[in-house]
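The values are calculated or read from the model by the stated rules, or taken from the named source; none is laboratory data. None of these values were measured; they are calculated from a predicted model. Positions of Cβ are generated from backbone atoms using ideal geometry, with glycine treated the same way; all protein chains shown enter the neighbour counts. Ligands, DNA and RNA are stripped out before the accessible areas are found, and what is left, the full protein with its side chains, is counted by its heavy atoms. Shrake-Rupley method; radii C 1.70, N 1.55, O 1.52, S 1.80 Å.
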Amino acid sequence: QPWRSPGEPQAPFPLSPPRWPVECEVIQETIQHIEWVPPKPEPFCPPMGVEQPLYILGEDQGTVVYHSSPALQSSCFIRARVGGAPGPLSSPAAPLKGPQDTTLLFESRFESGNLQKAIKVGPYEYVLMLRPDLYTAKHTQWFYFRVQNTRREPLYRFTIANMAKPKSLYGRGLQPLLYSQRDAQSRGIGWRRVGTDVRYSRGSAGEPPMFRLSWTVRFPHDDDTCFFAACYPYTYSDLQRYLRALAADPARSRYCRVQALCRSLAGNTVYLLTITSPGGTAGKRAVVASARAHPGESGGSWAMRGFLDFLLSTHADARLLRRLFVFKVVPMLNPDGVVVGNSRCSLAGRDPNRAYGMALPGSFPGVWHLRAMVQSVLAEQEVVLYCDFHGHSRKNNVFVYGCDAGGDGTGTRLRQRVFPLMLSKNAPDKFSFSSCKFQVQKSKERTGRVSMWRLGVSHSYTLEVAFSGSTLGGRSSHFSVEDLESLGRLLCDTLLDFCDPVPAKLHQCLVEADALLQRQMGRQPGSGGSWSDVSPSELESSTSGSDSSVSDG
């Protein structure tokens with residue numbers, strides 16, 4: 001589309017339905033959920049011990065009551081269409097034998113859904129298998145599925161038998177999410193944390209080993225339609241509805257321009273938002289933000305929505321930010337992965353956050369065009385900050401990964417730590433500065449944050465939002481959607497602090513960051529000394545920072 005600056009009238013906003021690989025069956029129903037915030041924080045559940053297997057998992061120990069697998073799946077993506085597979089749908093769920101049959105009816109063939117198989121191993125007990133990311137045999141973490149024909153009295157047990165990661169926050173108090181359609185319609189209650197006896201343990205002894213997530217739950221109603229999910233779902237259609245409302249708002253659309261950055265492999269639009277006050281971009285510095293490179297990290301989308309809501313609001317600080325900066329925002333880098341319910345990969349069958357800097361625009365269009373766009377912006381103006389929104393399945397709280405490769409002067413290396421330190425002061429009950437890491441590992445060279453930093457973005461971060469919640473400020477509770485959205489506003493507050501022309505806060509944080517590093521090195525604060533001779537690995541543990549799997553192929 002031809003470039004038009006914010007403030008000029010926009011053409012009618014085109015929104016195409018999601019495009020799916022042709023082997024994916026898709027039900028016709030539109031799945032939407034109400035938004036709701038619990039009246040008080042939902043505490044973590046008490047961690048349970050390692051589960052002792054009561055049975056060997058296998059179809060011969062039970063009855064397969066749901067089996068949805070892409071028909072004749074190719075080894076790689078070939079083509080896509082709206083609505084997925086043509087022709088009549090199959091029936092993956094076993095039919096009920098009569099009104100007394102209490103078997104649950106499972107379904108996952110909807111946007112962002114993921115459940116491949118359900119095996120009934122007891123009257124109210126089910127073993128579940130997740131579908132690996134399309135065109136791979138791994139990355140089983142995200143789940144989102146529907147159950148019908150519920151009963152209120154029995155205690156049900158669900159066990160997902162093929163989780164991929166050795167460690168998980170489910171072993172430290174995280175609970176799955178439940179949505180009851182009857183509660184939503186009659187009481188206005190949306191997604192809530194549920195589950196007792198939540199356990200996470202090693203399952204199969206094969207290679208690679210699989211891990212088991214198990215929980216018990218009572219449904220709130222008989223004959224209800226309920227959903228389970230790993231985190232609050234945020235689909236490609238949710239984003240499109242948000243952008244449609246934005247384009248239809250005459251006030252907000254004056255300073256926000258929505259364009260197509262590119263199209264994904266399946267032909268879904270990767271959207272680019274340019275946000276700034278009307279009147280051009282001359283003399284303004286740029287800020288770049290992106291989210292959902294990893295489709296299973298839906299918390300990043302809720303934080304991104306909070307970021308956009310604040311930037312586009314009438315708040316005095318939002319108006320100031322629009323006067324000072326040009327914001328380039330890509331809210332969903334991997335729409336294909338989000339549509340099909342992947343955990344980590346795009347339809348290339350690879351992690352797009354390990355593909356920056358590769359000359360493969362045809363395989364990884366979102367990240368390739370994002371990087372090219374940042375290069376183009378850098379040729380015209382300074383990019384003061386890049387922030388890539390992610391989710392983390394193994395560590396509580398919110399934190400960042402930054403870029404300190406060593407060799408720079410003391411001031412430069414300290415400034416890398418100032419923005420997250422400021423963010424920890426603005427969000428003391430959510431953001432953990434002590435969890436932040438700045439070492440640039442060789443395996444992370446093709447991530448978004450390192451790639452942007454190598455291009456010349458001096459402050460480039462991955463923002464990690466725990467799937468669980470916060471252990472800070474007296475909290476020990478799950479994040480709500482409201483918590484996640486507040487992170488976007490707090491990020492905006494911190495940007496103003498970081499770029500304040502009165503440098504008092506900046507200087508205070510530089511001194512504090514220096515004292516923290518001195519203590520880490522066993523030196524006395526204020527003792528001085530150059531940091532140029534201290535490697536990043538000496539400043540922090542050498543444990544892998546990101547939430548990636550052991551190997552990404």
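For Gly448, what is the net charge nearby, where nearby means another residue's Cβ is under 12 Å from its Cβ and Lys, Arg count +1, Asp, Glu -1? Can you show the working numbers first?
Working: positive: Arg292, Arg354, Arg371, Lys444, Arg446, Arg449, Arg454; negative: Asp351, Asp388, Glu445.
That works out to +4.
Decide, for region 236-521, between rounded, prolate and oblate: order the square roots of the alpha carbon gyration tensor eigenvalues as a ≥ b ≥ c, take rounded if a/c falls under 1.5, and otherwise choose prolate if a/b is larger than b/c, else oblate. Mind dumping the intermediate values first?
Working: a/c = 1.32, a/b = 1.21, b/c = 1.09.
Note, shape of region 236-521 comes out rounded.
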Notebook entry, point to check: Check Val65: other-chain or 5+ apart residues with amide H under 5 Å from its amide H, H built from backbone geometry?
Noted result: Ala118, Ile119, Lys120
Next item on the list: Please arrange Asp483, Asp429 by accessible surface area, largest first, computed with a 1.4 Å probe and ligands excluded.
Entry: Asp429, Asp483
Check: What is the antiparallel percent of DSSP beta bridges lying wholly in the chain, to the nearest 5?
Finding: 70
Notebook entry, point to check: For the residue pair Ser74 and Arg319, what label-to-label distance in nm results when each label sits 7 Å from Cα along the Cα-to-beta-carbon direction?
Noted result: 5.4
Note to self: Under the 0.36 nm per residue contour assumption, what length would be gained going from the current alpha-carbon distance of Asp249 and Ser476 to full extension?
What the structure shows: 77.8 nm
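Roughly how many debye, to the nearest 20, is the charge dipole of region 236-521 about its Cα centre, given +1 on each Lys and Arg Cβ, -1 on each Asp and Glu Cβ, and no other charges? Write down the numbers at each step before the final one.
Working: 35 positive and 23 negative charges, 85 e Å.
The calculated dipole for region 236-521 is roughly 400 debye.
Where both residues lie in region 236-521, what percent of DSSP beta bridges are antiparallel, nearest 5? If you can, show how the numbers build up before the last one.
Working: 16 of 38 bridges.
Here the share of antiparallel DSSP bridges comes out near 40 percent.
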Checklist line | Amide proton proximity set for Arg131, modelled H, under 5 Å, gap of 5+ | finding: Leu115, Gln116
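Give the shape of region 164-265 as rounded, prolate or oblate, defined through the alpha-carbon gyration tensor: a ≥ b ≥ c are the square roots of its eigenvalues, a/c under 1.5 means rounded, and otherwise the shape is prolate if a/b is larger than b/c and oblate if not.
Values: a/c = 3.19, a/b = 1.53, b/c = 2.08.
Since a/c reaches 1.5 but b/c is at least a/b, the shape of region 164-265 is classed as oblate.
About the Cα centre of the chain, what is the dipole size in debye to 20, counting +1 per Lys and Arg Cβ and -1 per Asp and Glu Cβ, all else neutral?
Values: 62 positive and 49 negative charges, 111 e Å.
The calculated dipole for the chain is roughly 540 debye.
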Next item on the list: Could you tell me whether the chain comes out rounded, prolate or oblate from its Cα gyration tensor? Rule is a ≥ b ≥ c as square roots of the eigenvalues, rounded for a/c under 1.5, then prolate if a/b exceeds b/c, otherwise oblate.
Entry: prolate
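Suppose a student asked you for the relative contact order of the chain, using Cα pairs under 8 Å spaced at least 6 residues apart; what percent would you report?
Working: 1203 pairs, mean separation 83.2, N = 553.
Once normalised by length, the contact order is 15 percent.
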Item checked: Among Val127, Trp142, Trp215 - extreme Cα towards positive end, dipole of region 85-221, charges at beta-carbon -> Trp215
Notebook entry, point to check: Hey, if you put +1 on the Cβ of every Lys and Arg and -1 on every Asp and Glu Cβ in the chain, which of Gly366, Gln32, Met304 ends up farthest toward the positive end of that dipole?
Noted result: Gly366
Next item on the list: Over region 236-521, calculate the relative contact order: mean separation of alpha carbon pairs under 8 Å at least 6 apart, over the residue count, as a percent.
Entry: 21
Item checked: Exposure rank, largest accessible area first [Ser434, Ser16; 1.4 Å] -> Ser434, Ser16
Check: How large is the Kirkwood hydrodynamic radius of region 88-226, in angstrom, based on all distinct alpha carbon pairs?
Finding: 16.0
Check: Per-residue HN-Hα couplings for region 262-277, Karplus 6.51 cos²θ - 1.76 cosθ + 1.60 at θ = phi - 60°, whole Hz, x for Gly and Pro?
Finding: 5, 10, 6, 4, 7, x, 7, 6, 9, 7, 10, 10, 10, 10, 6, 6
Notebook entry, point to check: Between His507 and Ser90, what FRET efficiency comes out of the Förster formula 1/(1 + (r/R0)^6) with R0 = 60 Å and r the beta carbon distance, rounded to 0.05?
Noted result: 0.40
Notebook entry, point to check: Using r as the Cβ-Cβ distance of Arg523 and Ile34, and R0 as 60 Å, what FRET efficiency do you calculate, to the nearest 0.05?
Noted result: 0.65
Notebook entry, point to check: When you take every Cα atom in region 439-506, what is the radius of gyration, and what is Dmax, the widest Cα pair distance, in Å?
Noted result: 15.6, 40
Note to self: Placing +1 on the Cβ of each Lys and Arg and -1 on the Cβ of each Asp and Glu in the chain, which of Ala229, Pro99, Leu320 has its Cα farthest towards the positive end of the resulting dipole?
What the structure shows: Leu320
Checklist line | Arg81 long-range amide H proximity, modeled H, under 5 Å | finding: Trp20, Val22
